[in-house]
Amino acid sequence: MANVMDTLRARGFVKQTVYEDELYEKLGKESVPFYIGFDPTADSLHVGHFMQLIAMSHMQKAGHKPVILIGGGTAMIGDPSGRTDMRSMMTKETIRHNVECFKKQMSRFVSFEGENAAIIVDNGDWLLDLNYIDFLREIGAHFSVNRMLTAECFKQRLEKGLSFLEFNYMLMQAYDFLVLYRKYGCALELGGDDQWSNILAGANLIRIKEQKPAYAMTFTLLTTSDGKKMGKTAKGAVWLDENKTTPYEFYQYWRNTADEDVEKCLKLLTFLPLEQIEELCRYKDERINVAKETLAYELTKEVHGEEKANLARAQAKAAFGGGDAELLTKEVEGVALVVDAMVAVGVAKSKGEARRLIEQGGVSVDDTKVTDVNMPIPAKEFVLHKGKKVHLKVVVK
């Protein structure tokens, strides 16, 4: 069995581990059930989840079994990691809906069939009916408050106020790891490096309660070269759901990656061989644009499939003329329908002409062909395509 840790290290994933030599040996000789947790705080995964999905895929391809933990229980509390304020409380109904959305998206990245098929579990199944006194006696007794307060996820909240509700989060996540160990033999938890304290707490709890080895591994966070988290635009998060971020917008986000970040993104987020990535990123002049286009295409294909990736690439090439010029932007006021926008930006002389163009199949908005002459504008910013040669970014004031 190829050792997946070599792959993860070579591609830049691994940030911290414990019992590293022991874990390396285990991953090299047996199939290891592992888990990654996802809090269902929205109805779609976003770019911030991307690395975990890719890492899960690498692990499964190397023969290890993914246990995908949906935090239906912990989402009722909210993770304080990386927060300066308290998360808003979510209803059970909202969480249930979000869980269903996650399940659909994850099936693109991992297989739910075969020998090491991925499984999805919801920690609400064991957390929501916990007896609090029993929980404190079994789990809380093994946690030092002094040590917890030194954890980065708590330290940054102490100045503004950390609720006791959130203070329970670490215990809950550690308990998840213990439950998954007991149910599925899950001996490894993976996650972003901002989760290090929580993951380590779970590994330690298993070693205390079960007297068995358990392991923690965190990944470097997906940030730009100047330290900012990737996956945010002026419009908000870059989502994997095409109804929130269209394949065209998704493609363009990655096409606009900074030169110095392209190689890292290709290693972390695509499955291209490292030799090919090295060749793509060899040049630091305008030839780096080939690497950017490859990154954008590969990621759009991973998330939305080959057909939509091909369409997004074709639209981008048409819109930018194959070069690096900015897409021409036109600002308009008071338009509600696509036909109004077409007249306002000058691609049609009248509403009648705009309707005819739509009926003839010659108009698209972002990557969606307009078939309804009364279609409302989809957003305050969108790309309007007329035929194969006219492409405008429309900003509605």
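The values are calculated or read from the model by the stated rules, or taken from the named source; none is laboratory data. Small disclaimer: the values here were computed from a predicted structure and weren't measured. Please note: Cβ atoms are built from the backbone with ideal geometry, for glycine as well, and neighbour counts cover all protein chains shown. Note: accessible area is taken over every heavy atom of the protein model, side chains too, but ligands, DNA and RNA are not part of it. Shrake-Rupley method; radii C 1.70, N 1.55, O 1.52, S 1.80 Å.
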Leading residue by the ranking (farthest from Gln195 (Cα to Cα)) among those in the stretch 211-229 that are without any contact (Cβ under 8 Å) to a residue 60 or more places away in the chain and either open to solvent by less than 30 Å² (accessible area, probe 1.4 Å) or acidic (Asp, Glu) (or both): Asp226
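Just the residues that are open to solvent by less than 20 Å² (accessible area, probe 1.4 Å), more than 20 Å from the chain's Cα centre (by Cα) and within 21 Å of Met5 (Cα to Cα), please, taken from the stretch 191-210. Break it down into steps so the answer makes sense when it comes.
Of all residues in the stretch 191-210, those open to solvent by less than 20 Å² (accessible area, probe 1.4 Å) come to 191-192, 198-199, 201-203, 205-206.
Subsequent filtering for residues that are more than 20 Å from the chain's Cα centre (by Cα) retains 201-203, 205-206.
Matches in the stretch 191-210: Gly202, Ala203.
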Name the single residue, out of those in the stretch 270-302 being β-branched (Val, Ile, Thr), open to solvent by less than 10 Å² (accessible area, probe 1.4 Å) and at pLDDT 95 or above, that is nearest to Arg108 (Cα to Cα). Thr300
What tally of residues in the stretch 351-376 results from selecting those that are among the hydroxyl-bearing types (Ser, Thr, Tyr) and touching a residue at least 24 places away in the same chain (Cβ under 8 Å)? 2
For Asn243: the one exception among (1) open to solvent by less than 50 Å² (accessible area, probe 1.4 Å); (2) part of a loop (DSSP other than H, G, I, E, B); (3) polar (S, T, N, Q): (1)
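Please tell me if Ala312 is over 22 Å from Asp366 (Cβ atoms), open to solvent by less than 30 Å² (accessible area, probe 1.4 Å) and assigned to a helix (DSSP H, G or I). I'd like the intermediate steps shown before the answer.
Numbers: over 22 Å from Asp366 (Cβ atoms): no; open to solvent by less than 30 Å² (accessible area, probe 1.4 Å): yes; assigned to a helix (DSSP H, G or I): yes.
Considered against the rule, which asks whether it is over 22 Å from Asp366 (Cβ atoms), open to solvent by less than 30 Å² (accessible area, probe 1.4 Å) and assigned to a helix (DSSP H, G or I), Ala312 comes out as no.
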Could you please give the count of residues in the stretch 117-130 that are surrounded by fewer than 19 Cβ atoms within 10 Å (Cβ to Cβ) and in a loop (DSSP other than H, G, I, E, B)? 4
Ala379 fails exactly one of the following numbered conditions: (1) crowded, with 17+ Cβ neighbours inside 10 Å; (2) in contact (Cβ under 8 Å) with a residue 24 or more places away in the chain; (3) closer than 22 Å to Phe250 by Cα; (4) out of contact with any Ser or Thr (no Cβ under 8 Å at 6 or more places or on another chain). What is the number of that condition? (1)
Is it fair to say Asp176 is among the acidic types (Asp, Glu) and touching a Ser or Thr at 6+ places or on another chain (Cβ under 7 Å)? no
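Just for the stretch 1-35: of the residues that are touching a Ser or Thr at 6+ places or on another chain (Cβ under 9 Å) and open to solvent by 20 Å² or more (accessible area, probe 1.4 Å), which one is modelled with the lowest pLDDT?
Our first condition is that a residue be touching a Ser or Thr at 6+ places or on another chain (Cβ under 9 Å); within the stretch 1-35, this holds for 1, 5, 12-17, 23-24.
Add one more test, that the residue is open to solvent by 20 Å² or more (accessible area, probe 1.4 Å), and what stays is 1, 12, 14-17, 24.
Working: Met1: 56, Gly12: 96, Val14: 96, Lys15: 96, Gln16: 96, Thr17: 96, Tyr24: 97.
The extreme case among them is Met1.
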